[in-house]
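One structure below.
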Amino acid sequence: MSPPGRPEGEYPSAKREGTPVNAPRYDVALRQLAPSARFDTRGKPGDLAAALRAAGLPVPERRNSSLAGEGHVRVDWLGPQRYVITAPLDREDAVGGALEAVFAGFAGADVTCITDMVVTFELVGSGAPDVLAQGTPLDISPAAFLPASVTGTELWGVGVVVERPAADPKTFRVTVERSYAGYVDGWLRTAAGLPADMRPGVMIAPPGVAQSL
């Protein structure tokens, strides 16, 4: 089901991709990132960690943190039974093939390519936490959400992954399922005071979620 106000079809809006827009309300710029290769891994904690190491990937020591490896490949630890791996898009086939070959040897670990299933937005500036705080119960303050942190949470009622890159502490990234991208984009822009294709006037339930009055 498409987000409210957006016809069936693929998101994103290509005209905004990669083009920052300065917000009038906060010190923040918002843009949609070009896609990266993205792989979701789930399974038994021991098998998952062993499979990642066998694939030559780093394993974060702190839950809800990310760790960079060689070739711009990054591993995010989102929970006891889930890691997400990102890599440059032009390496999707190579990384995906290597992961599938290694994970085939671990009965308790699975890997799935989700590159085409998600959209990532980037917020840069000191006002980024203030924008995100309007839509999530997570303590997104810089003192609580440290650089290299990554976690799953809700943003205006939609499940997302929020990350704060270690290399750029003023940057926050929000990854959401593609079908909800327009909905989240509208709320991010509304919260930041930016023009939006879909500008919600009141809090509404995301598509497919019942709303209680």
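The values are calculated or read from the model by the stated rules, or taken from the named source; none is laboratory data. Remember, predicted model here, so these are calculated numbers, not experimental data. Please note: Cβ atoms are built from the backbone with ideal geometry, for glycine as well, and neighbour counts cover all protein chains shown.
Some notes on this structure:
- All positions within segment 131-141 that are free of Cβ contacts under 8 Å to residues at least 60 places away in the same chain and in contact with a strand residue (DSSP E or B) (Cβ under 8 Å, 6 or more places away or on another chain): Leu132, Gly135, Thr136, Pro137, Leu138, Ile140
- Residue tally, condition at pLDDT 95 or above and either among the small types (Gly, Ala, Ser) or exposed (fewer than 15 other Cβ atoms within 10 Å of the Cβ) (or both), over segment 50-65: 7
- Answer residue from segment 145-190, given it is among the charged types (D, E, K, R) and buried (at least 21 other Cβ atoms within 10 Å of the Cβ) and is farthest from the chain's Cα centre (by Cα) among those: Arg189
- Pick from segment 86-116, criterion in contact with a helix residue (DSSP H, G or I) (Cβ under 9 Å, 6 or more places away or on another chain) and part of a strand (DSSP E or B), ranking: surrounded by the most Cβ atoms within 10 Å (Cβ to Cβ): Ala109
- Evaluation of Phe121 against (1) assigned to a loop (DSSP other than H, G, I, E, B); (2) under 15 Å from the mean Cα position of the chain (by Cα) (one fails), failing number: (1)
- Within segment 21-39, considering residues that are in a loop (DSSP other than H, G, I, E, B) and modelled with pLDDT under 95, the one surrounded by the most Cβ atoms within 10 Å (Cβ to Cβ): Val28
Residue-wise test of (1) under 21 Å from Ser66 (Cα atoms); (2) modelled with pLDDT of 95 or more; (3) outside any loop (DSSP other than H, G, I, E, B); (4) in contact with a strand residue (DSSP E or B) (Cβ under 9 Å, 6 or more places away or on another chain).
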residue: Pro129; (1), (2), (3), (4): yes, yes, yes, yes
residue: Asp168; (1), (2), (3), (4): yes, no, no, yes
residue: Ala191; (1), (2), (3), (4): no, no, yes, no
residue: Ala205; (1), (2), (3), (4): no, no, no, no
residue: Leu213; (1), (2), (3), (4): no, no, no, no
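- Gly71, sole failed condition from (1) part of a helix (DSSP H, G or I); (2) at pLDDT 95 or above; (3) under 22 Å from Arg164 (Cα atoms): (2)
- Note on segment 75-111: residues that are closer than 15 Å to Asp47 by Cβ and touching a residue at least 24 places away in the same chain (Cβ under 8 Å) total 16.
- Taking first residues from segment 146-174 that are closer than 17 Å to Gln32 by Cβ and partners that are of a type in the set (Asp, Glu), the Cβ contacts under 6 Å between residues at least 6 apart in sequence or on separate chains come to Arg173/Glu122; Arg173/Glu163.
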